[in-house]
Each structure stands twice: as C-alpha cells, then as structure tokens.
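Undergrad: Pasting in a structure now, in structure tokens, and then I'll have a few things to ask.
The values are calculated or read from the model by the stated rules, or taken from the named source; none is laboratory data. Computed from a predicted model, the values in this text were never measured in an experiment. As a convention, Cβ positions derive from the backbone with ideal geometry for all residues, glycine included, and neighbour counts pool all protein chains shown.
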Amino acid sequence: MPITAAPSRSELIDHLVRTRIAGDVATPRENNLDHYRRLANGDRHYWLGLELGDRWSDEQDVLAVMAERCGVVDDPGHRQGQDTIDPELTVAALDRAAVELRKAAEAGHRVLFATGHPGALIDLHSKVANALRLAGCEIVRVPLGLIADQGVVVQLADIAMHERGATLWHTHSPEPMTAILDALQREGEPLPDLVFADHGWAGCAAQRGITTVGFADCNDPALFLGEAEGTLAVTVPLDDHVINPRYYEPMTAYLLDAAGLTPA
C-alpha cells in the first residue's frame, strides 16, 4: 500500500494485523508480565520518565490498564506464550493523536519530535514533522552539544535521537529529553507546545506538563498508565520495532489524513 494513499479504517486494521504491528505481536507474554512486575516494584527504568509514586504497586492493576488501553490478554492466569495488541485500540489512539496534530497545526504550535527507536520509527516522525511544518508549525531545533547517558543528543530529519559511538541508539531513558528541555529553558527558549515521541522521551515531556503524543509497545506500560492518569494526551499501542520499517507507512498516511495534513 503506497504512502500517498491513506487506507480506510478497515484496511488499516487488516494491515496492522498482517504485519504484526498489532494483533498477535512478537513480544511474548512472559516479557510483558516481567516489565509490568518491575514497574510495579518501583524500577524507575520502566517508568519512562514519569513519576508514578506508589500508585501502581499492584501488578494486576497494571495488567488491567494494559488490557483496557493496549489490548493485551486480560487473564492474569495467562503467564506465557502469545500476547496481543488490539488493532481497534491502535486506530482509535491514532484518531486521538490526529486531533492533537490538527490543533497544533491550527495554532501554529512549536512541536518537538523524538524517538528511542531510530531503526523503526524515524520515518513516521519525520513525515509528520514535515507535514506540520507545511501547515505552519515550528519544529523545535534541539540545542547543540547536549550530553546524556554517555552519549550526545542529535537531531536528524527534525527528530531528536541519542547517539553513542557514531551509532543511533535504541533507548528508553528520559535523560536525553531532560537535557533538551533544560537547555531550552537555559537559553530562554519557550518549551514545545506539543511533543510527539516514544519511550522516556515522551514520558519526560509529559511529566514536565507538555502535551504529549506517545507511542508504546505492550511491554512498555508506563505511557499507558500516564494516559490513564491524564499525564499523556495520547498513547498509541503498537509493536514499535517490526522487521520492516515500511510497514508503518500506511499507519502514517492514515494519521496524516485523519489530521487533515498534507503529506510532504
């Protein structure tokens, strides 16, 4: 399906299931439950920059939210094997994300894009950034020379990412986003009106009070909890690193079309 053609809702759902962006996903149940337990036990690595306190100390409460907002199997007795993301929930979240993009375009907002999944989601973020620029938004430029987690914060194709040893890194850490927001404030620049991101990039921005659209896999519960508490505006459930990055193109086209944005 070409990127220029926005799929219908039913076509997109079929595509998400066929490519395992949703439906029967590759992340096993054991991994999901392990992450839910670690989050509930207070392991801040799994909080993705959010301050969850002791509100989610019961693993079963975390599972209940993940079943409701992501579509994992809601049976606590299901301990291993296949787990799921509900494609209907994915598309519903894309529709909510489109509302935030439309509001940003209408207001000419400052928008910051960031990803901890440069191997999979950079094209999605870049196309949305280009479309918002065409609509009159300002894409936030990341200050130069920012250091975080023994690496540097770089911005390529309008997207903030983490680089170590000349390699773009997969990261869940909130520290790169912390470095960006702190630097903007030091330089007297206004913070973004909207952040479009994933992992700790999204959690950190939302915790700082910025309207945030996040993307999260079924083994990353924190952003879904943040949405449930009203800290994140939207969390889109999806497998965030399928084997072929082009599989995200129909989803991107659907999102831009729903937002009334012209693809760049």
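Undergrad: Any residue in the range 52-61 that is among the charged types (D, E, K, R), under 18 Å from the mean Cα position of the chain (by Cα) and either more than 24 Å from residue 229 (Cα to Cα) or at pLDDT 95 or above (or both)?
TA: Checking the range 52-61: not a single residue is among the charged types (D, E, K, R), under 18 Å from the mean Cα position of the chain (by Cα) and either more than 24 Å from residue 229 (Cα to Cα) or at pLDDT 95 or above (or both).
Undergrad: Just to check your reading of the model, which residue among 212, 235, 252 is of a type in the set (S, T, N, Q), touching a Lys or Arg at 6+ places or on another chain (Cβ under 6 Å) and closer than 24 Å to residue 86 by Cα?
TA: Testing whether each residue is of a type in the set (S, T, N, Q), touching a Lys or Arg at 6+ places or on another chain (Cβ under 6 Å) and closer than 24 Å to residue 86 by Cα leaves just 252.
Undergrad: Any idea which of 216, 202, 129, 206 is buried (at least 24 other Cβ atoms within 10 Å of the Cβ), of a type in the set (Gly, Ala, Ser) and in contact with a Phe, Trp or Tyr (Cβ under 7 Å, 6 or more places away or on another chain)?
TA: 216
Undergrad: Within the range 79-104, work out how many residues are within 15 Å of the chain's Cα centre (by Cα) and under 18 Å from residue 124 (Cα atoms).
TA: Of the residues in that region, 11 qualify.
Undergrad: Residue 144 fails exactly one of the following numbered conditions: (1) more than 15 Å from the chain's Cα centre (by Cα); (2) closer than 30 Å to residue 102 by Cβ. What is the number of that condition?
TA: It is condition (2) that residue 144 fails.
Undergrad: Also, quick follow-up: Filter the range 87-114 down to residues that are in a strand (DSSP E or B) and more than 26 Å from residue 161 (Cβ to Cβ), then give me how many there are.
TA: 0
Undergrad: Have a look at 49, 71 and point out the one that is under 27 Å from residue 125 (Cα atoms), part of a loop (DSSP other than H, G, I, E, B), of a type outside the set (D, E, K, R) and touching a His at 6+ places or on another chain (Cβ under 9 Å).
TA: 49
Undergrad: On the given criteria, is residue 248 more than 12 Å from the chain's Cα centre (by Cα) and over 18 Å from residue 118 (Cβ atoms)?
TA: The answer is no for residue 248.
Undergrad: Something else: Which fully enclosed strands (runs of 3 or more DSSP E) of the range 158-264 have 2 or more residues being in contact with a strand residue (DSSP E or B) (Cβ under 7 Å, 6 or more places away or on another chain) and either small (Gly, Ala, Ser) or without any contact (Cβ under 8 Å) to a residue 24 or more places away in the chain (or both)?
TA: Once the strands (runs of 3 or more DSSP E) in the range 158-264 are filtered for at least 2 residues that are in contact with a strand residue (DSSP E or B) (Cβ under 7 Å, 6 or more places away or on another chain) and either small (Gly, Ala, Ser) or without any contact (Cβ under 8 Å) to a residue 24 or more places away in the chain (or both), what remains is 159-164, 211-216.
Undergrad: State whether one or more residues within the range 25-41 are in a loop (DSSP other than H, G, I, E, B), over 20 Å from the mean Cα position of the chain (by Cα) and surrounded by fewer than 14 Cβ atoms within 10 Å (Cβ to Cβ).
TA: Yes: one or more hits.
Undergrad: Can you confirm whether residue 75 is of a type in the set (D, E, K, R) and under 18 Å from the mean Cα position of the chain (by Cα)?
TA: no
Undergrad: May I pose another question? Among the residues of the range 52-68, count how many are assigned to a helix (DSSP H, G or I) and either of a type in the set (D, E, K, R) or surrounded by 13 or more Cβ atoms within 10 Å (Cβ to Cβ) (or both).
TA: The total comes to 9.
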